[in-house]
Ligand code: HEC
């Protein structure tokens, strides 16, 4: 009886340890996981200006479900994501080049889908321009 209890306690301790270690690994991963944009995209010129109507249509169709109507990252699908989708009203977001936003939209990563097969480049640049209106 006593031995069984000890075994049970030891088992719980191991479980707790595993939980703590896993948690800290995922925290480290989050911090050390910057989204690196290739040079080619980083300095890419935005070939269009405005076209906010097109951008808004595309955003409503493809992006709003996760990023939310106002870019706050609070769309109906947001809760199911492993990674927070970011806040498009923040200074940090707008400090990025148009090319970076285009790259992230076009190529995606993990929970953020790629859109290279779902829209034209013009449509994607229009969405970039539309995302600039969030403040
Ligand atoms: C299924 C949910 C989902 C949809 C739909 C989605 N996104 Fe995302 N998006 C994410 C997630 C999650 C991230 C964060 C990814 C990361 O950091 O690894 C993200 C990140 C981004 C970023 C980078 C934000 C930053 O702070 O650097 C941009 C730009 C972006 N999305 C644009 C778009 C656009 C434009 C669309 C529509 C064409 C779209 N997303 C559709 C989930 C989504």
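All of the numbers you see were taken from the coordinates with simple rules; none came from a lab. No experiment lies behind these values; they were computed from the predicted model shown. Cβ placement follows ideal geometry from the backbone for every residue including glycine, while neighbour counts extend to all protein chains displayed.
How would you rank 62, 94, going from fewest to most other Cβ atoms within 10 Å of each one's own Cβ?
Placing the least packed residue first, the sequence is 94, 62.
I need the calculated FRET efficiency for the pair residue 36 and residue 6, taking r as the beta carbon distance and R₀ as 41 Å, to the nearest 0.05.
Once the sixth-power term is evaluated, E becomes 0.25.
Report the FRET efficiency, 1/(1 + (r/R0)^6), for residue 97 and residue 65, where r is their Cβ-Cβ distance and R0 is 35 Å, rounded to 0.05.
Efficiency, rounded to the nearest 0.05: 0.85.
Which order do peptides 48-58, 96-106, 75-85, 111-121 fall in by mean Cβ count within 10 Å, highest first?
In descending order of packing, they fall as 96-106, 48-58, 111-121, 75-85.
State, in angstrom, two size descriptors of region 39-131 derived from its alpha carbons: Rg to one decimal place and Dmax to the nearest whole number.
Using the Cα atoms of region 39-131, the pair Rg, Dmax is 12.4, 34 Å.
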